[in-house]
1. Taking just the alpha-carbon atoms of the chain, what radius of gyration and Dmax come out, in angstrom?
2. If you fit an axis through the alpha-carbon atoms of helix 3-21 and take the longest principal axis of the Cα set of the chain, what angle between them do you get, 0 to 90°, nearest 10?
3. Among T84, T2, what's the order by accessible area (1.4 angstrom probe), most exposed first?
4. Roll a 1.4 angstrom probe over the protein heavy atoms and tell me the percent of accessible area of the chain that is carbon or sulfur.
5. Can you give me the accessible area per residue for the chain, using a 1.4 Å probe, in Å²?
Amino acid sequence: MTPAHFAFSSSFILGLMGLAFHRTHLLSALLCLEGMMLSLFIALSLWTLQLDSTNFSSSAMLLLAFSACEASAGLALLVATARTHGSDRLQNLSLLQC
């Protein structure tokens, strides 16, 4: 495994562990998701460059576009929950209160 592959796989694993174990605020969960998406984008971009193929060059841009849409939807949900519940703590959110 090259150092670049190790760095991107470890950054993805760290984002996944942060999402799984550090679930106090919605903002920290969204930041972990964004870090995971950025590590996937960089890994996909490097994979395309290593293969010298133009067939997969648009998939990295498509992933980045979906990541931007996910970030904007997440921030909209963060603002909505902060307005309705008063904070962004995930322990205060419940499906039974909706």
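The values are calculated or read from the model by the stated rules, or taken from the named source; none is laboratory data. On a predicted model such as this, the values are computed, not experimentally measured, just so you know. Accessible surface is based on the protein model in full, side chains and every heavy atom, while ligands, DNA and RNA are left aside. Shrake-Rupley method; radii C 1.70, N 1.55, O 1.52, S 1.80 Å.
1. According to the Cα coordinates of the chain, Rg and Dmax are 16.6, 52 Å.
2. Helix 3-21 sits roughly 10 degrees off the main axis of the chain.
3. Details: T84 105, T2 65 Å².
Largest to smallest exposure gives the sequence T84, T2.
4. Values: 5090 of 6920 Å².
So the carbon and sulfur contribution to the accessible surface is 74 percent.
5. On the way: 6920 Å² over 98 residues.
With the other protein chains kept in place, the chain gives 71 Å² per residue.
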